[in-house]
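Just below is one structure, and these are the notes that go with it.
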Amino acid sequence: MHTSASPLLIALTGGIASGKSAAADFFSDLGVPVFDTDQIARDVVEPGSPALARIVAEFGADVLDAAGRMDRARMRERVFNDPEQRKRLEAITHPAIRTELARRAQQADGPYQIHVIPLLVEGGRAGAYDRVLVVDAPEEQQLRRLMARDASSEEQARRILAVQATRRQRLAIADDVIENTGTLEDLRRQVHSLHQDYLHMAARRTPAP
């Protein structure tokens with residue numbers, strides 16, 4: 001069952017280790033349909049999928065692990081410093097992700113949806129959304145969280161941050177910003193406040209005649 005009006009579409013983005021997932025979980029707890037493109041990216045390359053078959057044809061069977069799944073760590077290492085290979089991979093995965101995201105979104109109900117898109121700036125997809133919500137944190141805080149989360153060195157963490165859009169670039173496209181510099185409870189309060197705002201915005205939209 002679907003509402004007569006199209007749902008308000010909110011793109012949620014932010015740098016790595018900024019708190020996107022925690023914010024998305026709080027929206028989900030409120031009953032909001034949340035679609036995470038990172039999860040969809042995993043789903044569309046499951047064994048037997050057309051996307052995985054194309055990846056194997058393009059890159060070779062050595063990108064698979066012993067179980068026949070894509071070895072994400074090996075593939076990430078392969079394309080991380082090779083823009084040409086990264087483009088070849090994205091040419092396969094991005095259309096598959098967008099198609100699956102659209103399919104899931106069409107099946108969901110509710111006044112608004114959250115689409116978690118970590119690389120929103122890099123992919124130039126902000127214009128496809130009614131609003132852009134950026135979860136923001138200072139770079140040094142991102143580094144500390146990333147090193148704690150992944151047990152990575154500071155050098156590795158800085159390398160990962162360096163290939164992402166800058167904080168300034170993300171904030172430049174933001175309609176709404178969550179400042180995730182405090183506790184989880186602070187984050188939850190901000191999500192609850194935005195939830196009310198988005199419900200009001202969605203209620204003001206009128207169905208197409």
* When the residues of the stretch 154-209 are filtered to those that are polar (S, T, N, Q) and under 18 Å from residue 15 (Cβ atoms), which remaining residue is nearest to the chain's Cα centre (by Cα)? -> 164
* Do we find a residue being under 23 Å from residue 201 (Cα atoms), surrounded by fewer than 19 Cβ atoms within 10 Å (Cβ to Cβ) and either touching a residue at least 60 places away in the same chain (Cβ under 8 Å) or more than 18 Å from the chain's Cα centre (by Cα) (or both) anywhere in the stretch 35-57? -> no
* Asked: Do you know which residues across the stretch 58-73 are touching a helix residue (DSSP H, G or I) at 6+ places or on another chain (Cβ under 7 Å) and surrounded by fewer than 14 Cβ atoms within 10 Å (Cβ to Cβ)?
  -> 58
* To do: Could you tell me which numbered condition residue 92 fails, if it satisfies all but one of (1) surrounded by 16 or more Cβ atoms within 10 Å (Cβ to Cβ); (2) over 30 Å from residue 10 (Cβ atoms)?
  => (2)
* Asked: What residue, among those in the stretch 67-91 that are outside any helix (DSSP H, G or I) and within 20 Å of residue 161 (Cα to Cα), is modelled with the highest pLDDT?
  -> 82
* Do any helices (runs of 4 or more DSSP H) entirely within the stretch 1-66 hold 3 or more residues that are within 30 Å of residue 144 (Cα to Cα), assigned by TED's automatic domain parsing to the domain that holds residue 145 and among the hydrophobic types (A, V, I, L, M, F, W, C), and if so, which? -> 20-29
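The values are calculated or read from the model by the stated rules, or taken from the named source; none is laboratory data. These numbers were taken from a predicted model, which means no experiment stands behind them. With ideal geometry, Cβ positions are generated from the backbone for all residues, glycine too; neighbour counts draw on all protein chains shown.
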